[in-house]
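The values are calculated or read from the model by the stated rules, or taken from the named source; none is laboratory data. Given the structure is predicted, the values throughout are model-derived calculations rather than measurements. No Cβ is skipped: glycine too gets one built from the backbone with ideal geometry, and neighbour counts run over all protein chains shown.
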Amino acid sequence: MINYTNEELLHGILRNDNLILQYIYKNYFYKINFFIKKNSGDDEDSNDIFQEAIIIIYRKLKANDLVLDCEFETYIYSVCRFLWLKQLEKRKNEKEKIQDNHEFNEEIYDRSFEETADLNEKYKLYQKHFKNLGKDCQKILQLFFDKVPLKQIAQVMGYQSEKYAKKRKYKCKEYLVKSIKQDIEYKKILEDNI
């Protein structure tokens with residue numbers, strides 16, 4: 001059986017290498033699954049938390065913000081444990097009741113890690129509402145976020161003028177923001193950050 005080093009695993013995540021990701025899933029998921037199921041969760045929760053942990057690790061690697069001073073297994077377990085505690089907190093469960101018998105690293109809970117987890121929540125909320133927009137609005141906003149000039153957006157969308165493209169972009173963005181602000185999750189995120 002192949003054993004990867006910490007460095008190989010991290011590079012694999014960064015490159016989105018399927019073999020490495022399968023290896024990580026095969027070798028570490030069952031411990032996360034066991035931990036979450038033992039602490040008020042189910043298989044779906046385990047999958048969500050594990051995927052979110054991989055995304056957070058990926059983002060921290062991309063931002064050059066990850067120094068691994070423990071085994072990868074301990075690190076991913078610690079990330080998942082942190083995310084699950086945060087989830088339980090949301091569900092108003094008590095942290096004290098958590099059952100844990102696996103090694104984890106308390107030191108990974110630095111500010112940047114919490115900020116990355118918060119960003120993930122905000123991004124998921126944004127994605128949820130972005131997907132509910134009409135195709136035209138999605139296209140306009142995506143072009144705008146990709147910093148495509150309004151003149152070019154007007155051409156791509158088949159609009160008569162840059163002015164009309166600007167107006168449409170504004171309306172779509174306004175609708176997206178309004179939609180997000182009405183979501184109960186948005187209110188929870190705001191409360192968590194107070």
Looking at (1) assigned to a helix (DSSP H, G or I); (2) at pLDDT below 90, which is the one condition that is false for F104? (1)
The condition of being without any contact (Cβ under 8 Å) to a residue 60 or more places away in the chain, out of contact with any Asp or Glu (no Cβ under 8 Å at 6 or more places or on another chain) and among the aliphatic types (A, V, I, L, M) holds, among L10, L21, only for L21
Those residues that are surrounded by fewer than 19 Cβ atoms within 10 Å (Cβ to Cβ) and not hydrophobic (A, V, I, L, M, F, W, C), I need them from the range 18-38; list them, please. N18, Q22, Y23, Y25, K26, N27, Y30, K31, K37, K38
Checking the structure you have, find out if any residue of the range 187-194 is hydrophobic (A, V, I, L, M, F, W, C), at pLDDT 75 or above and not in a helix (DSSP H, G or I). no
From the list L133, L176, L150, L125, pick out the single residue that is within 30 Å of K37 (Cα to Cα) and at pLDDT 65 or above. L125
Of the residues in the range 123-139 that are part of a loop (DSSP other than H, G, I, E, B) and within 14 Å of K178 (Cα to Cα), the one that is nearest to the chain's Cα centre (by Cα) is N132
Are any residues in the range 1-56 of a type in the set (D, E) and assigned to a helix (DSSP H, G or I), and if so, which ones? E7, E8, D43, E44, D45, D48, E52
Under 7 Å between Cβ atoms, at least 6 apart or on separate chains: pull out the pairs that start in the range 31-43 with a residue that is assigned by TED's automatic domain parsing to the domain that holds L85 and end on any residue that is of a type in the set (G, A, S). I32/S46; N33/S46; I36/S46; K37/S46
Which residue, of I32, I57, is at pLDDT below 95, within 17 Å of E8 (Cβ to Cβ) and out of contact with any Asp or Glu (no Cβ under 7 Å at 6 or more places or on another chain)? I57
